[in-house]
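Written below as structure tokens is the structure these notes are about.
Each value in this text was obtained by applying a stated rule to the coordinates, not by laboratory testing. As the structure is a computational prediction, the values presented were derived from the model and not from experiment. So basically every Cβ, Gly included, is an ideal-geometry build from the backbone, and we count neighbours across all protein chains shown.
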């Protein structure tokens, strides 16, 4: 009998079929999304990729989906990710 993690309030065990299937679905979705922009900044980027003191973050406009109203998100150029400053002085 299949288990329902939301019904019991517990996450499925690591390595369980449910966990593996969920991770495979996430990986498939990630591979279908465009690669992060290289060289050219998106409007939501605070710096160029690889700049010290920065890191990749989920686009706040599309929440990482890369789409807004079934079109590529203009903030991240459809990648679902932006480059954000992570350090501060």
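Ranked highest first by average number of other Cβ atoms within 10 Å, how do 78-85, 51-58 line up?
78-85, 51-58
With the highest mean first, a sort of the peptides 59-70, 17-28 on other beta-carbon atoms found within 10 angstrom per residue produces 59-70, 17-28. Shape class of the range 36-89 from the alpha-carbon gyration tensor: prolate, with a/c at 1.5 or above and a/b greater than b/c.
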